[in-house]
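The values are calculated or read from the model by the stated rules, or taken from the named source; none is laboratory data. Note that the structure is predicted; figures quoted are calculated from it, not measured. Reconstructed Cβ throughout: ideal geometry from the backbone, glycine too, with neighbour counts over all protein chains shown.
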Amino acid sequence: MSTHGSAPLERKRASLLEVAVRLLAIIGALAVLSALVGVWRAHVGPPVASGTVAYEGGRPAVGVPIFLDRGSVIERYVTDSLGRFRLPLARSGRGEAWLMCPDDALPSVGYAGEFGGGDVRYTLNTHDVHPGERVPIRGFGWSAPVPRECRLADSATYWRGPVDSAGAVVSVQPQEPEWSTYRQRP
């Protein structure tokens, strides 16, 4: 049998093998690059606050307005069909607070960096909702204006005191106490 006719066929096979090896090398390089971009985004990308808002018993709180206070701007977000939210934070991811305003539960305040990051689960309190009563959210760290949608939140600053001799708070009230009527502790 002549080997003269098989030389072009072997060159063609070698050429195809070389192309296949180069193609696999390119695919491998793209996979490594994609993994590196994923790691970069996870560690260097913009920080986010994320979590789930649910009622007691685990039912998702759908469509709950969440207001993100950036210091000079307040942005509005809502929970999705599973009660989840994602809030894009500033590069530092510190100092930002958000206010969750359900219609039928007490409002809640969350903070950047809370619980060490990651997804946070908030359980809404419906038991302590009383007709006409509003929650003094200033005491929970919300310092921005209170949005109209947050109908159960009170924007007043409450005063705590005076403190009795045992160190217990006598009252919490929306007006400043008349300090001169109370005996002062040394």
THR79 - would you say it is out of contact with any Ser or Thr (no Cβ under 9 Å at 6 or more places or on another chain) and either surrounded by fewer than 18 Cβ atoms within 10 Å (Cβ to Cβ) or modelled with pLDDT of 70 or more (or both)? no
In the stretch 113-148, the residues that are among the aliphatic types (A, V, I, L, M), in a loop (DSSP other than H, G, I, E, B) and at pLDDT 80 or above: ALA144, VAL146
Subset of the stretch 60-74 that is in a loop (DSSP other than H, G, I, E, B) and in contact (Cβ under 8 Å) with a residue 24 or more places away in the chain - its residue that is surrounded by the fewest Cβ atoms within 10 Å (Cβ to Cβ): GLY71
Restricting to the stretch 1-51, give me the number of residues that are modelled with pLDDT under 70 and not in a helix (DSSP H, G or I). 7
Can you work out which of the residues in the stretch 98-112 that are part of a strand (DSSP E or B) and at pLDDT 90 or above is surrounded by the most Cβ atoms within 10 Å (Cβ to Cβ)? TRP98
